[in-house]
Amino acid sequence: MKFNEFKYERLDFDKSTKEFSNLLDKLEKSTDSKEFKKIFKELNVFRAHLTTMVSLAQVRHTIDTSDKFYDEENDYWNDKLPLYASYENKLSKIALKCDFKDELYDYIPETYFKLAECSEKSFDEKIIPLLQEENRLTTEYGKLKASAKIEFEGEILNLSQIAAKALDDNREKRKKAYDAKIDFYSKNEAEFDRIFDELVKVRDKMAKSLGFKNYIELGYLRMNRLDYDQDMVANYRKQIVNDIVPTVTKLREKQANRLGLKSLKYYDIPYKFATGNPKPKGSANDLVNAAVEMYHDMSPETSEFIDLMYNSELWDLKSKPNKEMGGYCTTFPDYKAPFIFSNFNGTSGDVDVLTHEAGHAFQAYQSRNIETIDCQGPTLESCEIHSMSMEFFAYKYMNKFFKEDTQKYYYLHLAGTLEFLPYGVLVDHFQHVIYENPNMSIDDRKKAYHDLESIYLPNNDYGDNQLLNKGCWWYQQGHIFQVPFYYIDYTLAQVCALQFWVRMINDDKTYWNDYLHLCKLGGTKSFLQLVQEANLISPFEDGCLKTVKDKANEYFNSVDDTKL
Ligand code: ZN
């Protein structure tokens, strides 16, 4: 069956909520585990169908926003989903109260209960007005950024367009474009400060009204951190400073040398090669064909997966009029099928869709038979292990995509993964400082960021840029405003993916089976349990980064990057 043949039908609201509620009543009254599981199974079927219909409406709406029918359906679900959420909430409450939980774990993963506990602890009706206020503020942040109209050389540009100009071969022009971008933040400094200040205060209030010392504890619960705490995270950040920061410093020196500069300024950092970034060769269809060949060769499982994606047309890859921006991966549980949405634009990002997003989709496909849909996919830090590892597994085939640019792609990709780690944990550290001291003055917040930059990014040189020198770079980082404490997740996953890379190049014969096992487990286990199941070292463990760092340095030392 092809994606276009997947049947969409709006659920009758009164009928379906009545059914939901009846099932919940029966579940609550069940007296033994056999009965409980039977009704829970019926609930799983019901919820899978609901999810499938919502996903179908959303996907078809994003593919063609001018389609009136799906536009209306999308609005309908935006309106109704919060109402279904209250039934979901009741479901997890019943599950938590159940006296014979231990007897249920063979059907309902234990993780389901742990997640239910997190949402139970992090919510109370009395914080609803604060949650609404938080929503209003995060929307305001998004709108402020979207409002950017930057005048540059006779054009009016938005933030992503000006970022592209800042990659110019001409250094003066790079600086001018970068400064024009930062100038937008400068002009709106007071607004960014106000929005952030209000967000910090509202989150602190939320935490205190739920009985927490500060927002950090609540933030961890809202991010579903099931098995690690602030101290472990702090130790992990320390390891990044010791093991990765020196490597990144060396990479930056090499970059300066490559570009013929004495040292890099802030506007040089995104500009990696004087000869330009590696570009995929061939049309969108060529890239898709190369991906099909790659997954056929990689393993029997990826082969079956890519045939399903291709034959059932479970993706919409190319940019076209009326299509929404961006990219994502989602699933249709009724059809046990994932779906990839993207906007190919001729950059190496197109290949990332076929490796990274396909990694997410591959995992979703491997865990399609887990009936408790809440546990098909894991918590966010674990999710990215599947996708980031797939980027590394695809190395062997990159010549199909990049041809003469292949070596440059390797260098850029590996250097990029390492360079990201210190920045990622800096963002995390900053948020800990902020929420530990919610009454810190606005100027002190900036100073705190600036001080942390000198630990994690010691070679950053902001030249004469006043706003950046003041410690305001983070205005650009949406996660800090919109999803607090969600950022370190990418770095934790990257450290795991890098371990798979090391195992792959060391010709370890077990890495693929471990990866497959990890994908099949979906979200039935917590992060550290998953890491252990995949025979990876926990990123929190001392010494975890050493092998990764040594192997990476071995590679960087073996390449003459000036020839790339
Ligand atoms: Zn991802």
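Computed values, structure above
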quantity: Conditions (1) under 26 Å from residue 414 (Cβ atoms); (2) touching a residue at least 40 places away in the same chain (Cβ under 8 Å); (3) assigned to a helix (DSSP H, G or I): number failed by residue 460; calculated: (3)
quantity: Complete set of residues in segment 96-121 that are surrounded by 18 or more Cβ atoms within 10 Å (Cβ to Cβ) and touching a residue at least 60 places away in the same chain (Cβ under 8 Å); calculated: 98, 104, 108, 109, 111, 112, 115, 118
quantity: Helices (runs of 4 or more DSSP H) wholly inside segment 66-176 containing at least 3 residues that are at pLDDT below 95, out of contact with any helix residue (DSSP H, G or I) (no Cβ under 7 Å at 6 or more places or on another chain) and under 30 Å from residue 272 (Cβ atoms); calculated: 159-165
quantity: Any chance residue 192 is assigned to a helix (DSSP H, G or I), in contact with a strand residue (DSSP E or B) (Cβ under 7 Å, 6 or more places away or on another chain) and under 20 Å from residue 482 (Cα atoms); calculated: no
quantity: Filter result for the condition that a residue is modelled with pLDDT of 95 or more and farther than 18 Å from residue 356 by Cα, over 399, 469; calculated: 469
quantity: Checklist (1) modelled with pLDDT of 95 or more; (2) at positive phi applied to residue 483, failing item; calculated: (2)
quantity: Number of positions in segment 479-526 that are acidic (Asp, Glu) and touching a residue at least 60 places away in the same chain (Cβ under 8 Å); calculated: 1
quantity: Counted residues, segment 222-242 - those being within 11 Å of residue 539 (Cβ to Cβ) and in contact with a helix residue (DSSP H, G or I) (Cβ under 6 Å, 6 or more places away or on another chain); calculated: 3
quantity: Hits in segment 370-385 - residues which are within 11 Å of the ligand (Cβ to nearest atom) and either within 17 Å of residue 294 (Cα to Cα) or hydrophobic (A, V, I, L, M, F, W, C) (or both); calculated: 380, 383, 385
quantity: Verdict on residue 407 being crowded, with 19+ Cβ neighbours inside 10 Å, touching a residue at least 40 places away in the same chain (Cβ under 8 Å), polar (S, T, N, Q) and outside any loop (DSSP other than H, G, I, E, B); calculated: no
quantity: Among (1) modelled with pLDDT of 95 or more; (2) away from the ligand (no atom under 16 Å from the Cβ) - the single one residue 459 does not satisfy; calculated: (1)
quantity: Every residue from segment 165-185 that is within 12 Å of residue 270 (Cβ to Cβ), crowded, with 20+ Cβ neighbours inside 10 Å and aliphatic (A, V, I, L, M); calculated: 166, 177
quantity: Total residues in segment 358-378, condition charged (D, E, K, R) and assigned to a loop (DSSP other than H, G, I, E, B); calculated: 2
quantity: Residue in segment 278-296 that is farthest from residue 254 (Cα to Cα), counting only those that are in contact with a helix residue (DSSP H, G or I) (Cβ under 7 Å, 6 or more places away or on another chain) and not aliphatic (A, V, I, L, M); calculated: 296
quantity: Enumeration of residues in segment 299-357 that are assigned to a loop (DSSP other than H, G, I, E, B), within 16 Å of the ligand (Cβ to nearest atom) and buried (at least 17 other Cβ atoms within 10 Å of the Cβ); calculated: 327, 348
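One line per residue, one yes/no per condition, for (1) among the aromatic types (Phe, Trp, Tyr); (2) buried (at least 16 other Cβ atoms within 10 Å of the Cβ); (3) over 30 Å from residue 117 (Cβ atoms):
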| position | (1), (2), (3) |
| --- | --- |
| 220 | yes, yes, no |
| 243 | no, yes, yes |
| 251 | no, yes, yes |
| 255 | no, yes, yes |
| 265 | no, yes, yes |
| 283 | no, no, yes |
| 287 | no, yes, yes |
| 290 | no, yes, yes |
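The values are calculated or read from the model by the stated rules, or taken from the named source; none is laboratory data. Keep in mind it's a predicted model, so treat the numbers as computed, not measured. Note that we place each Cβ from the backbone using ideal geometry, even for glycine, and neighbour counts take in every protein chain shown.
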